[in-house]
Structure formats: C-alpha cells, structure tokens
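Colleague: Okay, handing you the structure first.
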Amino acid sequence: MKKLHLLIATAIFTYVGAIAQIPNNSFEKWTTMGSYSNPEGWGTMNNKTASAKVYTATKGTPGSAGAAYLILTSLKVGSSVVNGIAVSGKLDSITMKPISGFAFNQRPTALTGKWQFMGSNPGSISVTLTKWNSSTKMRETIGTASKTLSGMAMSWASFSIPFTYSNSSLPDTCIIVLEASGSKPVVNDYLWVDNLNFTGIIATKLKEEAVVLNSMTVYPNPASNYITLNFNTLSPQLITIKIVDVVGKVVLIKNISLLEGNSKEIINTSSLATGSYYVNTISKDGNVFRKLIINRK
C-alpha cells in the first residue's frame with residue numbers, strides 16, 4: 001500500500017514583537033450608523049438590537065492605551081438576552097456566527113491585549129486562522145487560539161492567548177470573536193477590550209516525514225447523530241480526536257488507541273448543532289483534518 005506523507009513544520013526562529021495587522025486593533029475608529037456607532041472593521045449585534053434602543057457594543061473612553069476601547073455587554077431585548085459579540089469582519093446577527101474575517105498570512109505565537117470582564121456566565125476570546133484549499137473547495141483551519149474567561153478582572157489587565165497549529169501552511173484569513181457571555185447569556189455580563197496585537201512570527205522550514213496514520217475517512221458525511229472514523233495505521237498508535245467548529249472552538253474530544261492495520265471508531269454527534277465542523281486527528285507524528293457536515297432535517 002502506498003504510504004501517505006504529511007508536511008511537518010520545523011521551526012527555525014521566532015521573532016517576538018507586535019504584528020500590527022488587526023484592523024482597528026485599539027478600537028480608536030468608530031462609524032456612526034444612525035442611532036448607534038460601530039467600531040470600524042468589526043461586526044456587532046447593534047444592528048439587530050438598535051430598534052429596541054439597546055446596544056451591546058459601545059465605545060468606552062479613555063482606553064487602556066489611546067482614546068477609546070470596546071465595551072461588550074449582554075443585555076435584555078424583549079424576553080431574551082442578547083450576547084455582547086464583536087467579530088473582526090462580518091457577523092450574522094441571526095445566527096450570531098462570523099461570516100468573514102480579514103486577510104492575514106502569518107503564523108503568530110499569541111494574541112495579546114488588555115481586558116476587563118465580569119459576569120455570571122463569562123464569555124470568551126477566540127481566533128481562527130484559515131486557508132482556502134483550491135483542491136477541496138473548502139476552508140481549512142491552520143491554527144486556533146482561544147480563552148474562556150474565568151473569575152473577573154475589575155481593572156485593566158494584560159492577557160496573552162497562545163496559538164495551536166494543526167499544519168505547516170500559512171493562513172490567508174483571520175477571524176477574531178469576542179463574547180461577553182457564554183452559551184447562555186446573562187444580563188450585564190461584560191467584556192472590555194483594548195490594544196489587540198499578534199506577537200511572535202514563526203518562520204518555518206518544511207520537512208517531509210512519513211506519518212504513522214496512513215489514511216482516515218469519515219462517514220456518513222453529511223451526518224446526523226453518529227459518525228464512523230475508519231483508520232489505517234502503520235503501527236500501534238495513541239491518538240486524540242477533536243471536533244472543532246468553524247471558529248476553532250473544540251466541541252468534542254476523545255482519546256483512543258489504534259492497532260496496526262484497519263480499525264474504526266464510532267462517535268456520537270447528537271450533541272452537535274447543524275453546521276460545518278472539522279475532525280482533527282492528532283498523533284505523535286502529525287495531524288489529519290477532515291471536513292464534517294452535521295445536517296438534521
């Protein structure tokens with residue numbers, strides 16, 4: 001059987017410094033949209049809540065550094081609570097998911113910035129770096145960085161959220177998602193953010209190495225409540241299976257042992273919402289990604 005190969009990156013050097021490529025990274029620029037303002041380059045929920053004269057994204061002054069900062073607050077609109085969300089690009093105010101990000105083609109080591117936050121159901125900050133695959137006609141996740149808020153920060157504090165990379169490619173797009181609350185927003189949960197930056201540029205030299213995982217398939221795809229992963233391995237192997245959503249959040253994780261040769265693993269996906277995901281199989285020798293669609297009619 002012909003062995004598959006994977007390009008694995010070997011780091012040559014890391015330059016530690018700020019990469020000023022995040023649009024309006026310090027939230028100094030705001031655009032008036034009739035009755036409200038939005039930070040330039042960022043999508044928020046304000047367009048959905050403006051009719052109720054409620055604004056979940058507002059301008060704070062002065063900033064931790066500079067004249068302004070972003071305030072995200074989960075607020076009640078009618079009988080529901082709307083999460084304070086901002087996306088570095090376009091945000092679908094119905095699904096509350098990002099539609100697009102901004103052009104970006106580097107491999108930073110971390111997202112840094114300043115924050116204050118407090119809440120009963122604290123939110124998160126997440127970053128997803130992706131690249132369009134012209135062969136598969138799909139986007140591939142290159143790297144992610146995410147942090148769920150815990151406790152509280154009542155004065156400006158620095159944060160640094162490290163990246164994890166799944167392969168050696170350079171991305172072409174970045175999406176940053178800021179959320180005041182978790183999956184069940186609570187009134188007056190808040191997140192203040194300022195001075196976002198990427199730090200560290202990882203330069204890589206590609207080295208071709210054989211991977212113990214010879215092949216992996218996922219079926220059915222689209223799937224509903226279960227998927228089966230078929231493996232062919234060149235030797236016994238301990239692997240981690242992660243299913244991540246389009247913004248890089250891990251929604252399911254499982255560790256399994258594989259014997260040499262053919263084997264399969266059935267995974268319950270009934271807890272996953274309809275949408276697009278990636279199945280990331282991680283071994284000591286590399287990662288394998290497969291696109292997964294969950295569709296329940």
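The values are calculated or read from the model by the stated rules, or taken from the named source; none is laboratory data. Owing to the predicted nature of the structure, the values given are computational and were not obtained by experimental measurement. For neighbour counting, all protein chains shown are included, and Cβ atoms are generated from backbone atoms with ideal geometry for every residue, glycine included. Each accessible area value is taken on the protein alone, full model and side chains, heavy atoms only, with ligands, DNA and RNA left out. Shrake-Rupley method; radii C 1.70, N 1.55, O 1.52, S 1.80 Å.
Colleague: Looking at Gln116, is it open to solvent by less than 20 Å² (accessible area, probe 1.4 Å) and either under 22 Å from the mean Cα position of the chain (by Cα) or of a type in the set (Asp, Glu) (or both)?
Modeller: In short, yes.
Colleague: I've got another one for you. Is it fair to say Ser100 is closer than 12 Å to Cys174 by Cα, among the polar types (S, T, N, Q) and in contact with a Lys or Arg (Cβ under 6 Å, 6 or more places away or on another chain)?
Modeller: In short, yes.
Colleague: If you don't mind, another one. With a cut-off of at least 2 residues that are of a type in the set (Val, Ile, Thr), name the strands (runs of 3 or more DSSP E) lying wholly within segment 60-127.
Modeller: It comes to 69-73, 80-82, 85-87, 108-118.
Colleague: From Ser35, Ser64, which residue is over 16 Å from Asp194 (Cβ atoms) and of a type in the set (Ser, Thr, Tyr)?
Modeller: Ser35 is the lone residue from the list that is over 16 Å from Asp194 (Cβ atoms) and of a type in the set (Ser, Thr, Tyr).
Colleague: How many residues does segment 182-203 hold that are open to solvent by 50 Å² or more (accessible area, probe 1.4 Å), of a type in the set (Val, Ile, Thr) and at pLDDT below 95?
Modeller: Looking only at that region, the number is 1.
Colleague: To continue, here is another question. Quick one: would you say Ile85 is under 16 Å from the mean Cα position of the chain (by Cα) and in contact (Cβ under 8 Å) with a residue 40 or more places away in the chain?
Modeller: yes
Colleague: Being surrounded by fewer than 19 Cβ atoms within 10 Å (Cβ to Cβ) and under 27 Å from Lys90 (Cβ atoms) is the filter here; which residues of segment 253-288 pass it?
Modeller: Ala273, Thr274, Gly275, Ser276
Colleague: Within segment 143-156, track down each residue that is exposed (fewer than 12 other Cβ atoms within 10 Å of the Cβ) and either among the polar types (S, T, N, Q) or assigned to a strand (DSSP E or B) (or both).
Modeller: Of everything in segment 143-156, those that are exposed (fewer than 12 other Cβ atoms within 10 Å of the Cβ) and either among the polar types (S, T, N, Q) or assigned to a strand (DSSP E or B) (or both) turn out to be Ser150, Met154, Ser155.
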